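Scroll down for the structure; my scribbles are underneath it.
The values are calculated or read from the model by the stated rules, or taken from the named source; none is laboratory data. Fair warning: this is a prediction, and the values are worked out from it, not measured in the lab. Note that we place each Cβ from the backbone using ideal geometry, even for glycine, and neighbour counts take in every protein chain shown. For accessibility, only protein heavy atoms count, side chains too; no ligands or nucleic acids. Shrake-Rupley method; radii C 1.70, N 1.55, O 1.52, S 1.80 Å.
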Amino acid sequence: MTKNDTEVGNDFQSFGLRPEILQGITEAGFETPSPIQKQAIPLVLEGKDLIAQAQTGTGKTAAYGLPCLNQINVDAGMQVLVLTPTRELALQVSDELYKLGKHLGIKTTTIYGGSSYSKQINQVAKGSQVAVATPGRLLDLLKGKELKNFKPSMVILDEADEMLDMGFMEDIESIFNLLPTKRQTLLFSATMPEAIKKLASKYQTSPAHVKIAPTEKTSKNIEQVYFVIEEAERDMAVVRILDYENPFKAIIFTKTKKEADDLKSSLSFKNYAVEALHGDLNQKQREQVLKSLHDGRVRILVATDVAARGLDVKDLSLVINFHLPFDSESYTHRIGRTGRAGKSGKAVTLVTTRESRALMRLKGTSGMNLVIAALPTKKEVMARREEDFLKKIIETEIHPDAEEILEKLLDTEDKRTIALKLLSNMLDKTKISGPEKIGKTPAEWSETPPSRGGREGRGGRGGYSSGRRDGYRGDKGKSNASSSEGRRQGNGAPPKREGGGNPSGKPVKKAQRFRNR
């Protein structure tokens with residue numbers, strides 16, 4: 001590169017990208033490169049292997065996508081392979097890369113479990129230059145020698161630590177052993193456990209290193225509060241929060257698939273535009289849910305951690321933790337889905353008195369500024385609604401037919417009566433459910449942990465998260481399980497689970513458990 005550091009990276013033109021790529025950048029709405037893009041793009045363009053450490057939501061897809069797309073020979077078939085931990089992330093990455101490269105004539109193929117083998121094989125055979133894949137399905141195709149001339153010269157591991165956590169390292173090593181040895185290998189990860197370092201040393205050649213230190217920018221953009229409630233108040237508290245915040249889009253995280261379904265049903269009954277996302281949905285159902293969310297037909301998503309991994313929801317203004325997350329990593333990952341791209345967001349966590357120890361541990365290990373607050377009362381919700389209602393009326397443009405309708409109404413009523421009746425008609429539709437007050441106020445709550453004796457009602461549901469120590473963050477149980485699913489059992493042992501977590505940083509075997517999630 002001939003330009004100095006002060007020149008390169010200030011805008012996308014300075015990287016020397018093709019005009020067609022720059023056109024895709026403009027249409028995507030990118031204005032200036034993010035820190036990871038400024039550092040990674042020149043190194044990838046130079047052909048270097050790369051280890052890049054940066055948090056989710058920092059622009060990693062474009063950081064590797066733009067330089068890789070820029071180097072593609074449109075007539076040479078498959079050249080870029082991106083490995084992702086989940087099908088949802090694979091679909092999102094594939095879509096973004098297609099949009100960035102479409103003016104060059106670049107086609108992308110998404111390879112993942114739960115969908116047609118033949119369709120994916122045919123798309124590669126017809127000349128797709130980019131494949132975005134989950135490890136399990138890709139390994140199946142490579143072992144079966146179903147992909148002809150599949151010799152990518154650029155291979156990217158996206159969310160490498162997530163793949164480690166989900167038990168995919170063994171599959172990834174097998175995939176690397178089936179790919180050409182002459183390639184450019186890029187590794188992107190939010191954290192860098194020892195297993196990831198060993199993988200890099202084994203399959204990369206003199207890689208360059210880029211590390212974007214986690215800043216407080218994300219957390220500064222996110223207001224973080226927790227509400228102390230009784231166990232029986234969880235559903236009511238969620239409704240009260242949604243009524244008060246009126247979010248443009250929101251994600252509510254639950255522990256189990258059954259909880260997600262139950263809460264979705266409860267909110268649907270109250271006429272919220274809501275869907276659930278968890279491991280029991282088939283691929284078509286999952287894609288329909290995500291499309292509804294992105295299109296705005298659904299504004300609230302109730303999801304388990306595993307199902308929601310890799311999701312990037314635009315304009316997400318609110319995250320609700322239905323239960324206290326198991327660990328600080330899960331908490332940080334959840335709330336990081338809001339407050340992106342310089343926008344503000346809010347993260348709300350529901351906590352019971354029995355979860356005080358877990359709350360203190362989370363506050364200490366996450367370093368986040370969680371602040372206690374009182375749930376809004378019915379009067380406060382109505383005051384907020386009236387404020388929003390008045391603002392909406394003031395900002396509404398007058399419809400061309402409004403004056404004609406008003407003249408007809410004036411034949412029977414005066415203007416003041418008409419206005420009051422119209423307002424009354426609209427306000428009747430904004431009834432607020434639940435008691436006047438839910439949960440405890442800050443003055444009624446002490447963070448001093450209670451004694452260990454006794455259990456909270458309903459099977460100790462609120463105490464479960466404080467008892468888990470295995471770091472597991474996935475779906476628990478099956479959708480037709482009993483109502484005690486995901487809670488601590490009578491003997492104090494954690495419930496049986498699907499798959500397993502991996503807090504040790506060592507590779508986990510049996511990745512096939514996760515392939516179709």
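Name the residue that is surrounded by the fewest Cβ atoms within 10 Å (Cβ to Cβ), counting only residues in region 234-257 that are modelled with pLDDT under 90 and closer than 17 Å to Leu277 by Cα.
Selected residue: Thr256.
For Ala52, only one of the following conditions fails: (1) modelled with pLDDT of 90 or more; (2) open to solvent by 40 Å² or more (accessible area, probe 1.4 Å); (3) not in a loop (DSSP other than H, G, I, E, B). What is its number?
Of (1) modelled with pLDDT of 90 or more; (2) open to solvent by 40 Å² or more (accessible area, probe 1.4 Å); (3) not in a loop (DSSP other than H, G, I, E, B), only one is false for Ala52: (2).
Would you call Lys291 closer than 30 Å to Ser115 by Cβ and either buried (at least 17 other Cβ atoms within 10 Å of the Cβ) or hydroxyl-bearing (Ser, Thr, Tyr) (or both)? Let's see the steps before the verdict.
Values: closer than 30 Å to Ser115 by Cβ: yes; either buried (at least 17 other Cβ atoms within 10 Å of the Cβ) or hydroxyl-bearing (Ser, Thr, Tyr) (or both): no.
So Lys291 fails the test.
So Ser292 ticks every box in (1) in a helix (DSSP H, G or I); (2) touching a strand residue (DSSP E or B) at 6+ places or on another chain (Cβ under 9 Å); (3) more than 25 Å from Ala28 (Cβ to Cβ) but one. Which box is left unticked?
Single failed check for Ser292: (3).
Take region 336-356 and flag every residue that is in a strand (DSSP E or B) and of a type in the set (Val, Ile, Thr). Don't jump to the end; show me each part of the working.
Taking region 336-356 first, the residues in a strand (DSSP E or B) are 345-352.
Within region 336-356, Val348, Thr349, Val351, Thr352 meet the criteria.
Scanning region 158-201 for residues that are among the polar types (S, T, N, Q), outside any loop (DSSP other than H, G, I, E, B) and farther than 21 Å from Ile36 by Cα, which turns out least open to solvent (accessible area, probe 1.4 Å)?
Within region 158-201, the subset among the polar types (S, T, N, Q) is 174, 177, 181, 184-185, 189, 191, 201.
Those left that are additionally outside any loop (DSSP other than H, G, I, E, B): 174, 177, 184-185, 189, 201.
Next, only the ones that are farther than 21 Å from Ile36 by Cα stay: 174, 177, 201.
Details: Ser174: 39, Asn177: 108, Ser201: 90 Å².
If we take residues in region 158-201 being among the polar types (S, T, N, Q), outside any loop (DSSP other than H, G, I, E, B) and farther than 21 Å from Ile36 by Cα, then Ser174 is least open to solvent (accessible area, probe 1.4 Å).
Going by what's in this entry, would Thr412 be described as open to solvent by 70 Å² or more (accessible area, probe 1.4 Å), on the phi < 0 side of the Ramachandran plot and of a type outside the set (D, E, K, R)? Can you show your working first?
On the way: open to solvent by 70 Å² or more (accessible area, probe 1.4 Å): yes; on the phi < 0 side of the Ramachandran plot: yes; of a type outside the set (D, E, K, R): yes.
Spelling it out, Thr412 is indeed open to solvent by 70 Å² or more (accessible area, probe 1.4 Å), on the phi < 0 side of the Ramachandran plot and of a type outside the set (D, E, K, R).
Given the conditions (1) free of Cβ contacts under 8 Å to residues at least 12 places away in the same chain; (2) in contact with a Leu (Cβ under 7 Å, 6 or more places away or on another chain), report the number of the one that Ser116 does not fulfil.
The single condition Ser116 does not satisfy is (2).
Could we say that Ile398 is in contact with an Asp or Glu (Cβ under 7 Å, 6 or more places away or on another chain) and at pLDDT 75 or above here?
Values: in contact with an Asp or Glu (Cβ under 7 Å, 6 or more places away or on another chain): no; at pLDDT 75 or above: yes.
No: the conditions fail for Ile398.
When you check Ser317 against the structure, is it at pLDDT 80 or above and open to solvent by 50 Å² or more (accessible area, probe 1.4 Å), yes or no?
On the way: at pLDDT 80 or above: yes; open to solvent by 50 Å² or more (accessible area, probe 1.4 Å): no.
It is false that Ser317 is at pLDDT 80 or above and open to solvent by 50 Å² or more (accessible area, probe 1.4 Å).
Would you please list the contacts, defined by Cβ atoms under 8 Å and residues six or more apart or on different chains, that run from a residue in region 332-343 that is within 12 Å of Ile320 (Cα to Cα) and at pLDDT 80 or above to a residue that is part of a helix (DSSP H, G or I) and among the hydroxyl-bearing types (Ser, Thr, Tyr)?
Hits for this filter: Ile335/Ser219.
Looking at Glu159 and the list (1) at pLDDT 90 or above; (2) touching a Pro at 6+ places or on another chain (Cβ under 8 Å); (3) farther than 22 Å from Gly77 by Cβ; (4) not aliphatic (A, V, I, L, M), which single condition is not satisfied?
Failing condition for Glu159: (1).
Taking Ile36 as the residue in question, decide whether it is open to solvent by less than 40 Å² (accessible area, probe 1.4 Å), in a loop (DSSP other than H, G, I, E, B) and not basic (Lys, Arg). Steps first, answer last, please.
Details: open to solvent by less than 40 Å² (accessible area, probe 1.4 Å): yes; in a loop (DSSP other than H, G, I, E, B): no; not basic (Lys, Arg): yes.
Here the answer is no, as Ile36 does not meet what is asked.
So is Gly114 crowded, with 16+ Cβ neighbours inside 10 Å, out of contact with any Pro (no Cβ under 8 Å at 6 or more places or on another chain) and either at pLDDT below 90 or part of a loop (DSSP other than H, G, I, E, B) (or both) or not?
Details: crowded, with 16+ Cβ neighbours inside 10 Å: yes; out of contact with any Pro (no Cβ under 8 Å at 6 or more places or on another chain): yes; either at pLDDT below 90 or part of a loop (DSSP other than H, G, I, E, B) (or both): yes.
Yes.
Could you grab the pairs with beta carbons closer than 8 Å, sequence gap of 6+ or different chains, first residue in region 87-103 and under 20 Å from Asn70 (Cα atoms), second one open to solvent by 40 Å² or more (accessible area, probe 1.4 Å) and assigned to a helix (DSSP H, G or I)?
From residues that are under 20 Å from Asn70 (Cα atoms), the pairs are Glu96/Ala28; Lys99/Glu27; Lys99/Ala28; Leu100/Ala28; Gly101/Glu20; His103/Glu20; His103/Gln23.
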